[in-house]
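The values are calculated or read from the model by the stated rules, or taken from the named source; none is laboratory data. Treat the numbers as computed from the prediction; the structure is a model and nothing was measured. Here the Cβ positions follow ideal geometry from the backbone for every residue, glycine too, while neighbour counts run over all protein chains shown.
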Amino acid sequence: MKVTFGHMGTLTPIMEMILEDLGHESITPNRPTRQTLALGAKHSPEFACIPFKIVLGTYLENLKQGADTLASGGGYGPCRAGLYGELHGRILRDLGYDFDFIFFWPPLKKPLHFYRQMKKLKGKNTWWQVWKAIKKGYLKLSILDELEMMTQRIRPREIKHGSVSKAFDQAMKIMRSPTTIPEIQAAGEEARALLLKIPIDEQKQPLKVGIIGEIYVQLEPFANFFLEEQLGHMGVEVRRSIYLTSYAHHDVLSTKGDMGSRKLALPYLAQKVGGHGQNSVGDIIRYAKQGYNGVVQLAPFSCIPEIVAKSLVPRLSKDYGIPVLTLFIDEQTGAAGVQTRLEAFVDLMEQRRSRTLGVGA
């Protein structure tokens with residue numbers, strides 16, 4: 001099979017490795033562009049969210065490159081993202097494309113369906129071979145998550161502007177090629193060393209911002225206008241509420257989700273509303289308790305779970321004394337507008353911190 005999939009942050013090289021381990025040809029998607037989004041939006045329902053449109057555009061680009069199979073996954077519950085695989089398939093077939101679609105529900109929520117879909121991807125491999133491929137993928141994924149956290153910590157302290165971004169691009173290239181566990185571990189050490197040798201200002205005390213919201217716009221830099229990098233260059237240390245390994249642990253390999261965030265959210269939002277809506281409420285509280293200077297909520301325009309969470313932001317911000325900036329994103333959102341809002345938000349946090357330090361002096 002010639003398999004393609006949606007691009008989402010650092011997941012792409014993991015999918016590429018697993019597919020090739022199982023004997024398939026990976027039609028690996030490039031990072032989305034404005035052209036990808038425009039192509040997807042052209043064939044999408046008007047009020048579909050930006051992840052839907054970007055992924056559809058990616059499928060269209062890669063079907064033209066010879067892909068004959070699409071692989072994707074979705075949540076199971078109130079969030080409409082669970083329907084996107086079916087809708088993507090119908091749109092693409094109406095456009096005249098012929099392909100197979102392997103769509104995964106979470107394994108613990110729809111185990112029989114997951115088994116049947118996994119069997120298609122398994123091909124002639126044994127289940128032991130499938131397990132080994134996934135195990136290697138998880139190892140590489142955990143290293144990539146660690147490298148991302150390192151860049152988030154180092155970038156606001158870098159002495160030479162852009163050195164962290166350049167080193168991270170090199171680290172991603174280092175991590176892409178190894179395919180055995182010893183090779184992956186050795187590549188991880190090399191990539192860590194590359195980031196650790198970047199000269200930094202040890203005395204700098206950057207602002208700290210938590211990033212919350214819907215998973216795709218958190219993890220795919222194109223979808224959020226490279227927000228982490230922008231904030232880092234403004235002297236802000238960021239930490240996301242979702243990394244791929246934590247998502248696998250809390251949402252794929254569990255039916256309960258992130259219980260820590262959910263427990264914090266209960267006094268304000270006592271039931272699941274789909275997606276990461278309830279988590280976003282709890283994550284605001286968590287970041288406030290950890291002493292962060294602010295929170296940025298990222299959400300696709302029309303995302304109901306995040307709209308529900310947004311409705312509670314004024315109360316949460318008042319109760320916990322933490323500013324929250326919400327960015328709803330669609331294909332009409334402009335980079336300049338996002339940058340302006342981020343700059344204003346950073347100024348606000350700096351002023352709040354200065355007043356706090358002044359009172360305590």
Just give me the residues in region 149-169 being under 20 Å from the mean Cα position of the chain (by Cα) and surrounded by fewer than 19 Cβ atoms within 10 Å (Cβ to Cβ), in sequence order. M149, R153, S165, D169
Residues of region 296-348 that turn out to be surrounded by 13 or more Cβ atoms within 10 Å (Cβ to Cβ) and basic (K, R), as a count: 2
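Might you let me know whether region 89-104 holds any residue that is under 30 Å from K136 (Cβ atoms) and in a loop (DSSP other than H, G, I, E, B)?
Looking only at region 89-104, we keep the residues that are under 30 Å from K136 (Cβ atoms), and these are 89, 99-104.
If we keep only those that are in a loop (DSSP other than H, G, I, E, B) as well, we get 99.
For region 89-104, residues under 30 Å from K136 (Cβ atoms) and in a loop (DSSP other than H, G, I, E, B): present.
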H249 free of Cβ contacts under 8 Å to residues at least 24 places away in the same chain and of a type outside the set (A, V, I, L, M, F, W, C): yes
When only residues in region 1-47 that are hydroxyl-bearing (S, T, Y) and outside any loop (DSSP other than H, G, I, E, B) count, which is farthest from G137 (Cα to Cα)? T36
Counting only residues that are assigned to a loop (DSSP other than H, G, I, E, B) and touching a residue at least 60 places away in the same chain (Cβ under 8 Å), which one in region 264-287 is surrounded by the most Cβ atoms within 10 Å (Cβ to Cβ)? H276
Scan region 120-141 and give yes if some residue there is assigned to a helix (DSSP H, G or I), touching a Gly at 6+ places or on another chain (Cβ under 9 Å), without any contact (Cβ under 8 Å) to a residue 60 or more places away in the chain and outside the structural domain of M17 (by TED's automatic domain parsing), otherwise no. yes
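Closer than 30 Å to V236 by Cα, modelled with pLDDT under 95 and not acidic (D, E): is that true of R155 in this structure? Talk me through it step by step, then tell me what you get.
Details: closer than 30 Å to V236 by Cα: yes; modelled with pLDDT under 95: no; not acidic (D, E): yes.
No.
Can you confirm whether I184 is surrounded by 12 or more Cβ atoms within 10 Å (Cβ to Cβ), closer than 30 Å to S44 by Cα and of a type outside the set (S, T, Y)? Walk me through how you get there before you give the answer.
Numbers: surrounded by 12 or more Cβ atoms within 10 Å (Cβ to Cβ): yes; closer than 30 Å to S44 by Cα: no; of a type outside the set (S, T, Y): yes.
It is false that I184 is surrounded by 12 or more Cβ atoms within 10 Å (Cβ to Cβ), closer than 30 Å to S44 by Cα and of a type outside the set (S, T, Y).
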If you check T245 against the conditions, is it at pLDDT below 95 and in a helix (DSSP H, G or I)? yes
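Listed here are the residues, each with its yes/no results for (1) closer than 27 Å to I184 by Cβ; (2) among the β-branched types (V, I, T).
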| site | (1), (2) |
| --- | --- |
| M17 | yes, no |
| H24 | yes, no |
| A38 | no, no |
| I50 | no, yes |
| A71 | yes, no |
| G74 | no, no |
| G96 | no, no |
| H113 | no, no |
| M118 | yes, no |
Note on region 196-248: residues of a type in the set (G, A, S) and buried (at least 20 other Cβ atoms within 10 Å of the Cβ) are G210, G213, A223, G232, S241
Residue in region 199-221 that is farthest from R155 (Cα to Cα), counting only those that are in a loop (DSSP other than H, G, I, E, B) and in contact with a strand residue (DSSP E or B) (Cβ under 6 Å, 6 or more places away or on another chain): E214
Answer with yes or no whether D347 is within 21 Å of G282 (Cβ to Cβ) and either in a helix (DSSP H, G or I) or among the β-branched types (V, I, T) (or both). no
